[in-house]
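I have placed the structure first, in the form of structure tokens, so that the comments after it can refer back to it.
The values are calculated or read from the model by the stated rules, or taken from the named source; none is laboratory data. From a predicted model like this one, the values you see are computed outputs, not experimental measurements. Neighbour counts run over all protein chains shown; Cβ positions are idealised from the backbone, glycine included. Quick note on the areas: whole protein, heavy atoms, side chains included, nothing else; ligands and nucleic acids left out. Shrake-Rupley method; radii C 1.70, N 1.55, O 1.52, S 1.80 Å.
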Amino acid sequence: MHDLQKKLEYLRERLEGKISHPFLTQNIEAPPIDEDKLFLLVAFLDYLNLPLEKIEHYAIPTMLLQIALDTHEKVTNDMTGKQNMKERQLTVLAGTYYSGLYYKILADYQDIEVIRLLAEAIETINDHKIIVYQQEMNGIEKLMESIENIEATLFKEISKHLHAMAWGELFSDFLLIKRLYKEKELFLRSQSSVVFEALKKLVFPKHEGSIKNLSLEQQNYLIHICDKYIHFSKEQLLKVKSKLPLLNKAIDGKIDYLLNQHQPMAKSLVEEG
């Protein structure tokens, strides 16, 4: 476990060094690193007994792309009509800069295959983002499939490339659960939730207001649907976990924490009804 932690700390420092740019640092906030995604990716590569150089070869470009996606997502979600144009433009520029770094690193290694598969993953993710944001899905199952693809495609492609399909399933289930928890929390706090807005359109297509204008009964029903998919994904995650013997204790603990996570806010909302 300590060895994995050291590798994680080393790669986090390497990643922070890559995304640090004097001009961007002076003008916009440093991009957050998704600690769970970084941990799972490094743990996965370590599980395959890859040397540190190879772990870095896969982990840094993949996480740079994830940071680029998160940075562009920030523009979509947080800066519409709220931030000045300069900050919007710099944030978009930062996202493009981070994604360019992934290409440079892999091009220096002449790793055309990984460049291609990650580029295709980004295309898939963007296609599913369009489906979700423009609410073009034709059923709840398709919505959840799109959310899972948005969260996990980068990591599934790396696991597929390294012939570790069970890990691709683990990424899918773990990251979908995490995203649904996040969206549920946003909804319960009466904040914007792209997932619950999409659910509302599917379940209550005649309701023209926002999710904030739903009745308590309608809100509880959307929470019930979200909880159902969280529960199903937890069951799938347990099955995947059984396919991966000798997991590092840190990975095991991370999965167990997610599986045992509770959200009392949901209970209080239901009880108010």
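When restricted to residues that are open to solvent by 90 Å² or more (accessible area, probe 1.4 Å) and either at negative phi or within 25 Å of the chain's Cα centre (by Cα) (or both), the range 193-247 contains 16. Scanning the range 6-31 for residues that are at pLDDT 80 or above and in contact with a helix residue (DSSP H, G or I) (Cβ under 7 Å, 6 or more places away or on another chain) returns LYS7, LEU8, LEU11, ARG12, ARG14, LEU15, LYS18, ILE19, PRO31. In the range 140-153 there is at least one residue that is in a helix (DSSP H, G or I), loosely packed, with under 13 Cβ neighbours inside 10 Å and on the phi < 0 side of the Ramachandran plot. For the range 203-213, the condition of being more than 20 Å from LEU258 (Cβ to Cβ) and touching a residue at least 60 places away in the same chain (Cβ under 8 Å) holds for at least one residue. Remark: GLU141 falls outside the filter, which requires a residue to be touching a residue at least 24 places away in the same chain (Cβ under 8 Å) and either more than 28 Å from LYS18 (Cβ to Cβ) or touching a Leu at 6+ places or on another chain (Cβ under 9 Å) (or both). For the range 169-183, the tally of residues that are touching a residue at least 60 places away in the same chain (Cβ under 8 Å) and open to solvent by less than 10 Å² (accessible area, probe 1.4 Å) stands at 5.
For LEU101, the stated conditions do not hold, so it cannot be described as farther than 20 Å from GLU35 by Cα, open to solvent by less than 80 Å² (accessible area, probe 1.4 Å) and more than 15 Å from the chain's Cα centre (by Cα). Figure legend. Inter-residue proximity from the range 224-236: first residues closer than 13 Å to VAL195 by Cβ, second residues crowded, with 20+ Cβ neighbours inside 10 Å, beta-carbon distance below 7 Å, spacing 6+ or different chains. Indicated pairs: ILE225/LEU199; CYS226/LEU180; CYS226/LYS184; TYR229/MET144; TYR229/LEU180; ILE230/ILE177; ILE230/LEU180.
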